[in-house]
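Just below is one structure, and these are the notes that go with it.
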Number of protein chains: 2
Amino acid sequence: MTDDPPSVPTDTASVGLVSPRDASFPGPFPLELGGELPALTLRYETYGVLDAERSNAVLVPHALSGDHHVAGRHSPSDPKPGWWEAFVGPGKMIDTNRHFVIGVNTLGGCRGSTGPLSVDPRTGAPYGGTFPELTFGDIVRAQRLLVESLGIRRLRAVVGGSKGGMQSLLWAADHPEAVDRVVALASALSQPPHALALNALARFAVSADPRWRGGHYLSGEGPDAGLALARMIGHASYLSPAAFARKFGRLTVPGAGPADPVHWQVESYLRHQGDAFVRRFDAVSLMVISRAVDRFDLSARAAAGVLARPGSPAVLAVGFSTDGLYPPSEARAIAAAAGSRGACLEIETDAGHDAFLLPNPRLTEQVRGFLA
Amino acid sequence: MTDDPPSVPTDTASVGLVSPRDASFPGPFPLELGGELPALTLRYETYGVLDAERSNAVLVPHALSGDHHVAGRHSPSDPKPGWWEAFVGPGKMIDTNRHFVIGVNTLGGCRGSTGPLSVDPRTGAPYGGTFPELTFGDIVRAQRLLVESLGIRRLRAVVGGSKGGMQSLLWAADHPEAVDRVVALASALSQPPHALALNALARFAVSADPRWRGGHYLSGEGPDAGLALARMIGHASYLSPAAFARKFGRLTVPGAGPADPVHWQVESYLRHQGDAFVRRFDAVSLMVISRAVDRFDLSARAAAGVLARPGSPAVLAVGFSTDGLYPPSEARAIAAAAGSRGACLEIETDAGHDAFLLPNPRLTEQVRGFLA
């Protein structure tokens, strides 16, 4: 584990140049479904300054395909900022002038934290298809290790969208003494059955690729076509029908013939998303995380009042009107489960599930207020 | 072409035992996007009795995966009736005591009509991957040949759901002198962009299967895994989220381990649908029809009044409240495009797009009235 100082914003619009760091923890790290990891490393970034009381830290867990790189750029020529640049920075929704923000690549991920691409110290070879099954409980427990290693006993907040929101809720349920407030955007108390069906399709796309080989493939020889298709299946559920119509309509690719495999502009967009995903994601990681998402189910514990206990965190649930994956009814259910500690914000948008990634003044104002 | 008498209902609840027949037409059959078919055969079934004036015929075009077998059974031990048994039969929505009903496998299909599995008389080998691109205009023109060959100059109605509804609308637009009334259930004036995206995913699933080989595969060596996945992608859009929750919830397959490829009951359902589809469908056929669906676009002609011309058919558009593929707004647009000749029926249901296949007393009553 490193203890470099957090990176400092270099301009007022962005946290500026940032660098990831690794925190390593001696094992074994026990897993909820059995077994253990002999060692654990988490890759993370931080933005803003931790105050003297270590009381202003905000953890931002990521969704399925995100990572620790939440905001800023890795070099002056970096073409793309972090995935939540619109919301995290000086004066933004999660204001790095006030808060010390922590982004962390998930356990089981493939962007630096211990996952299928990591070397299993017991064998000296990458885990690959031998990587164990995870739960969101495991993922959140690993995040807590990181938070404590930074000297933080209690987070100001955990703020997550989609699968990141599920993790926020698990912080409230499993670690209520360690967090003041949680925000779950475009999320749910459990993976709904139709979202489970879409994840199943994505997994089937990967496993139907002959290069899948049960996850036992060499680097560069993985199931690229299946992984791309899995991502395309996901993307088709991230946009609303109205957003598909607004962004692509029925426009065709210039010059494409009627039987060409990429004839429509929406087809070209999906292919691009699939291809880009293959360049930055690992198929075993997708499978492991996808199954962890599907088994996320806080509904029985929520019905038993776990989110409404005295002293547990305040909960802000945000629903987006056209989110077909985790519709506003899920946000209302989250807020209701937190009783007097819960609040629900519903945002009108035509953007669908991906709305949680898009700038929105009302959202910014409400979440800023909730975190203050 | 045969001229066997139509089959006769054997009981009051069903049209009973039925047999398909083939109608063959000398070519060439010209195609809208260019080229031609040297010969044309359509497989069809009929139920009920054609009246002396030949004025009581109702054509039922099918959706993506249906066929000519709309109602009844092929043998006393046939485990499954036709795909619209709930709606077609004595006393039913399309009442075979009153109407002479025609089911026909689509041009380009794989259930007996000329399609990729047919032998190209020019080569003596199946068309396979050389089968030409089709439009719904071609498909409807072929249907008209069949109707005329049965001695019918004017249909009482064309009644179709989903892609069958699009064909109903093309009958009204392209052949208004040949049909009195059209019913389009769970349909649209054009393939909406997000439905187009889902079809693109299905096609990508097929073409990513190494056994696809551009459609040039031998019988029994086709892209089964890709075709199954394509069907699963479709099915995930045919049910509403509420229907997924009601039918499967978060139930698991008894005895399934956490990493098993079929862990959830909804996963098992989707796999079953995929596998069943592979047994009765051809991948080239799916690709050709899927592209024909995607290029279906009557919207500009509808805006120019093609469905509202004097003397054109009355149009009943039926929308289902939770249909995510062709929502009720599409049905309203269809009815509006038909002006004073149009009517819209909106049905409350949690079933999603598949609602057009499920018994519904209000639907039955309204369509019966419209056809009378």
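Report the Cα-based extents of the range B:48-95 along its three principal axes, largest first, to the nearest Å.
Answer, in whole Å and largest first: 36, 27, 16 Å.
Limiting things to C-alpha atoms, what are the Rg and the maximum Cα-Cα separation (Dmax) for chain B, in angstroms?
According to the Cα coordinates of chain B, Rg and Dmax are 20.1, 64 Å.
Ignoring everything but the protein chains, give the 1.4 Å probe accessible area of B:His74 in square angstrom, nearest 10.
80
For A:Lys92, B:Lys247, A:Lys163, give me the order by solvent-accessible area with a 1.4 Å probe, most accessible first, ignoring ligands, DNA and RNA. Don't skip to the answer; put the middle values down first.
Details: A:Lys92 40, B:Lys247 100, A:Lys163 10 Å².
The most accessible residue leads, giving B:Lys247, A:Lys92, A:Lys163.
Which order do A:Leu40, B:Leu33 take when ranked by solvent-accessible area (1.4 Å probe, heavy atoms of all protein chains), largest first?
Values: A:Leu40 5, B:Leu33 85 Å².
The residues order as B:Leu33, A:Leu40, largest area first.
Taking the Cα centre as origin and putting +1 on Lys and Arg beta-carbons and -1 on Asp and Glu beta-carbons, what dipole magnitude results for the range A:152-204, to the nearest 20 debye?
Taking the Cα centre of the range A:152-204 as origin, the dipole is about 140 debye.
Taking the full set of protein chains and a 1.4 angstrom probe, give the accessible area of A:Leu50 in square angstrom, rounded to the nearest 10.
Only protein atoms counted, so the area is about 40 Å².
Picking from A:Leu134, A:Gly164, A:Pro116, whose Cα lies most toward the positive end of the charge dipole for the range A:109-169 (charges on Cβ: Lys, Arg +1; Asp, Glu -1)?
Final value for the positive-end residue is A:Gly164.
How much length, in nm to one decimal, is gained on full extension between B:Ala52 and B:Ala300, taken as 0.36 nm per residue of separation minus their Cα-Cα distance?
85.4 nm
Accessible area of A:Asp297, 1.4 Å probe, to the nearest 10 Å²?
Roll a 1.4 Å probe over it and A:Asp297 shows about 70 Å².
Given the Cα-Cα distance of B:Asp180 and B:Asp260 and 0.36 nm per residue of separation, how much length would full extension add, in nm?
Length gained, B:Asp180 through B:Asp260: 23.4 nm.
222 nm [θ] for the protein assembly as shown, helices only, -39500 (n - 2.57) per DSSP H run of 4+, per residue, to 500?
-10000 deg cm²/dmol
Quote the charge dipole size of chain A about the Cα centre in Debye, to the nearest 20; the model charges only the Cβ of Lys and Arg (+1) and of Asp and Glu (-1).
Around 280 debye, computed over chain A.
Could you size up the charge dipole of the range A:1-121 around its Cα centre, putting +1 on the beta carbon of Lys and Arg and -1 on that of Asp and Glu, and report it in debye to the nearest 20? Working shown, then result.
Details: 8 positive and 14 negative charges, 53 e Å.
It comes to approximately 260 debye.
Mind grabbing the base-10 log of I(q)/I(0) for the range B:67-213 at q = 0.08, 0.14, 0.19 Å⁻¹? Debye formula, identical points on the C-alpha positions, no solvent, two decimal places.
-0.28, -0.86, -1.34
Measuring from centroid to centroid over Cα atoms, what is the spacing of the range A:348-372 and the range B:104-150 in Å?
51
7 Å along Cα→Cβ for the label point: how many nanometres lie between B:Val49 and each equivalent label in the other copies, listed shortest first?
With the label placed 7 Å along Cα→Cβ, B:Val49 yields 9.5 nm.
Taking a ≥ b ≥ c as the square roots of the Cα gyration tensor eigenvalues, with a/c under 1.5 meaning rounded and otherwise prolate when a/b beats b/c, else oblate, which class fits the protein assembly as shown?
Here the protein assembly as shown falls in the prolate category.
Based on the alpha-carbon gyration tensor of the range B:222-335 and its eigenvalue square roots a ≥ b ≥ c, which shape applies: rounded if a/c is under 1.5, prolate if not and a/b is larger than b/c, or oblate?
Numbers: a/c = 3.97, a/b = 1.85, b/c = 2.14.
Oblate shape, in that a/c is at least 1.5 and b/c is the bigger or equal ratio.
I'd like the distance separating the alpha-carbon centroids of the range A:17-53 and the range B:268-340, in whole Å.
That distance is 51 Å.
Please compute, for peptide B:293-306, the average count of beta-carbon atoms on other protein chains lying within 10 Å of each residue's beta-carbon.
Neighbouring Cβ atoms belonging to other protein chains average 1 per residue here.
The values are calculated or read from the model by the stated rules, or taken from the named source; none is laboratory data. These numbers come from a predicted model, not from an experiment. Quick reminder, even Gly has a Cβ in these numbers, built from the backbone with ideal geometry, and neighbours come from all protein chains shown. To get the accessible areas, we keep the full protein, side chains included, count just its heavy atoms, and leave off ligands, DNA and RNA. Shrake-Rupley method; radii C 1.70, N 1.55, O 1.52, S 1.80 Å.
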